[in-house]
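Enquirer: This is the structure I have questions about; it appears just below.
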Amino acid sequence: MNLDVLKRRDVWAGLMLIGIGAAAMLIARGYPFGTALRMGPGYFPTMLGGLLIVFGLVILGSGLRDGERIAGSWSLRALIVLPLSLVLFGVLMTHAGFIPAMVVLIVGAAAAGSEFRFLEVLLFAIGLTALAIAVFVYGLGLPYPLLIGFD
C-alpha cells in the first residue's frame, strides 16, 4: 500500500467532506424526510449531506490521481491562538457583548499568522465589526447585545 497518498491535500479534503456528509445524513435519518414540495425537517440535511459526499468523492478522486502534497510544518502558535480566540468569542458574547467578542476574534485570528501588524488588524477589526453589526444586528434583527451594561 502506498502511504504517499495520505500526504496529499485533496485526499484529506475529500475524506473530510465525505465524513461530514455521512454524519449529516446519519443524524438526519431520525427526522421525517417529506417530499420536494413539502419538505420535512430531515430533507435539507439529507440532501446537503449527499451533496457533500458527492463533492468529497470528486475531490478524493482528484487527490488520488495527482494531488498537491502537504508542505511545510504546522504553526504551534496558530494551533493554540485560533481555538482560544473562538472560545473567547463564545464567552465574550454572553459576558461582554457582540463588539468586544468580534474584536477579540478578529485580532486573535490575525495574531495566529506570521505577519501581524497591530494597526492594520485594528482597522480591519473595526471595519469588519461595523459590517457585522450592520448585517446581523440591524439587517437581520438578531438580538445580540452590542455591549453588556450599555443597553
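The values are calculated or read from the model by the stated rules, or taken from the named source; none is laboratory data. As the structure is a prediction and not an experimental result, all values here were calculated from the model. In this analysis, Cβ positions are derived from the backbone assuming ideal geometry, glycine residues included, and neighbour counts consider all displayed protein chains.
Enquirer: SER114 is checked against (1) within 19 Å of the chain's Cα centre (by Cα); (2) surrounded by fewer than 10 Cβ atoms within 10 Å (Cβ to Cβ) and fails just one. What number does that condition carry?
Expert: In the conditions (1) within 19 Å of the chain's Cα centre (by Cα); (2) surrounded by fewer than 10 Cβ atoms within 10 Å (Cβ to Cβ), SER114 misses (1) alone.
Enquirer: Still on this model: Inspect segment 65-84 for any residue being over 20 Å from the mean Cα position of the chain (by Cα) and among the basic types (Lys, Arg) and give the result as yes or no.
Expert: For segment 65-84, residues over 20 Å from the mean Cα position of the chain (by Cα) and among the basic types (Lys, Arg): present.
Enquirer: I've got another one for you. One residue is enough: does segment 23-33 have a residue meeting the conditions over 20 Å from the mean Cα position of the chain (by Cα), part of a helix (DSSP H, G or I), surrounded by 14 or more Cβ atoms within 10 Å (Cβ to Cβ) and at pLDDT below 95?
Expert: Yes, some residue in segment 23-33 is over 20 Å from the mean Cα position of the chain (by Cα), part of a helix (DSSP H, G or I), surrounded by 14 or more Cβ atoms within 10 Å (Cβ to Cβ) and at pLDDT below 95.
Enquirer: Looking at GLY14, GLY50, can you tell me which residue is among the small types (Gly, Ala, Ser), touching a residue at least 40 places away in the same chain (Cβ under 8 Å) and in a helix (DSSP H, G or I)?
Expert: Being among the small types (Gly, Ala, Ser), touching a residue at least 40 places away in the same chain (Cβ under 8 Å) and in a helix (DSSP H, G or I) holds for just one of GLY14, GLY50, which is GLY14.
Enquirer: In addition: From (1) closer than 27 Å to GLY141 by Cα; (2) in a helix (DSSP H, G or I), pick out the condition that doesn't hold for PRO41.
Expert: For PRO41, the exception is condition (2).
Enquirer: Let me ask something additional. Under 6 Å by Cβ, and 6 or more places apart or on different chains, what pairs join a residue from segment 119-148 that is at positive phi and exposed (fewer than 14 other Cβ atoms within 10 Å of the Cβ) with one that is of a type in the set (Asp, Glu) and at pLDDT below 95?
Expert: Nothing qualifies.
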